[in-house]
Amino acid sequence: MKYVWLFISLLILNTLLWGGCTDGDRRTGGNSSDADSDSDSDADSDTDGDADSDSDSDSDSDSDSDSDTDADSDTDSDSDSDADTGPVEGDTEYPPIGDGGQLGFSTKYWDCCKPHCAWPENVSNGQMAPVCTIDNQLTTPTIPQDGWEQGKPSGCDAPNDPNAVFTCWNQAPIAVSDSLSYGFVATHAGGEFSCGQCFQLEFNGESKQTLQNGPSAIDDGSAGLKGKTMIVQATNIGYDVTQINGAYQFDIMIPGGGVGAFNGCSAQWGVDNSQLGATYGGFLQACYEKLGYDQPHDTFKSCVRDMCTGVFSKSGLEDLLAGCLWYVDWMNVADNPAFRYKVIDCPDVLKKVGI
């Protein structure tokens, strides 16, 4: 009998010890440990993915979707999207300037010279504009001397000098959408206009001629630009860049835009001066002079396009050809279009190839 009571006592003790914990609870406890491990792993993986390239980010996303729950996958997707905070070609929006900012107008040029901002005495922080050799190989703008830097000569002054440097061809403008482009400019000297400064230009459908002669002088090319935005960086200071009725001039770098006062392009591109269009106004001005000013707008576009392909179709000149055709297709061969502008922080897409 005493063994019966002993057996009953042991059964009661076992129930008191284990009665509050089911098999289901123990399984959940085991999975909680796994879930914590997954959470830590995902956090580390996402942090690395944010710092690394898009390919790492995509790999993380695929791995997470295979191993994590739907909720984790959504969280990772949001995290990867938020990580792309720097300006990237094609996905950056700039708030409209509207009636704010200041009034400006653009001209165009491409002289192939060493930029003003590639001379050490013209920059205050040591960050100079990039320069290239005569065959478009990136090089340094200076030659180290004993305790100082000697600037290499410009290809416009000494094209046959083995140390001569020129404008790099990747300075040509690029379009990332129908309404947004990036490029480089020569600006006025002084004030907010300095080497490396960036600006947002919002074209208003008017032109330099409008500023001078009123609304009757609007050209079709400028009218077609209304509402488009261009983000530019100053890599050159033009002391002949001026203002009209308080509107500042921005001289946009466009292959085929005219060499202006200096010409390093004939030597660098191996072409005759006659192929470069008008000294001021470039290919478009040459088309005006050839065809007259009263032709349909599309006729001028076709003329400029033909000149672009005629000069830049040679292998190796693809950046220049693309920049010239950009003027035809995105900028609508606008003749000195006007805009409103404001100073902005420089996006990475310009700093990568500029200052």
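The values are calculated or read from the model by the stated rules, or taken from the named source; none is laboratory data. The model shown is predicted, which means the values in this text are computed figures rather than measured ones. Counting neighbours? That spans all protein chains shown, and the Cβs are built from the backbone with ideal geometry, glycine included. Accessible surface areas use protein heavy atoms only, side chains included; no ligands, DNA or RNA. Shrake-Rupley method; radii C 1.70, N 1.55, O 1.52, S 1.80 Å.
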Can you tell me how much longer the chain between residue 299 and residue 99 gets when fully stretched, taken as 0.36 nm per residue apart minus their C-alpha distance, in nm with one decimal? 68.7 nm
Whose amide H sits under 5 Å from the amide H of residue 206, counting only residues 5 or more places off or on another chain, with H placed in the peptide plane? 338
For the pairs 108/342; 152/352; 228/351; 208/352, note any where the Cα-Cα span goes beyond 26 Å. 208/352
From the square roots a ≥ b ≥ c of the eigenvalues of the alpha-carbon gyration tensor of segment 297-341, which class results: rounded (a/c under 1.5), prolate (a/b over b/c), or oblate? oblate
Potential lengthening between residue 213 and residue 306 on full extension [0.36 nm per residue; Cα-Cα distance subtracted]: 30.4 nm
Calculate, for segment 212-355, the solvent-accessible area per residue in square angstrom, rolling a 1.4 angstrom probe over the heavy atoms of the protein chains. 44
Give me the one-decimal nm value for the distance between modelled label points at residue 163 and residue 279, 7 Å along each residue's Cα-to-Cβ direction. 3.0
From the square roots a ≥ b ≥ c of the eigenvalues of the alpha-carbon gyration tensor of segment 275-355, which class results: rounded (a/c under 1.5), prolate (a/b over b/c), or oblate? oblate
In nanometres, the difference between 0.36 nm per residue of separation and the alpha-carbon distance of residue 177 and residue 148 is 6.1 nm
Rounded if a/c under 1.5, otherwise prolate or oblate - segment 259-322, Cα gyration tensor axes: oblate
Collect residues whose amide H, placed 1.01 Å from N in the peptide plane, falls under 5 Å from the amide H of residue 184; neighbours closer than 5 in sequence don't count. 233, 253
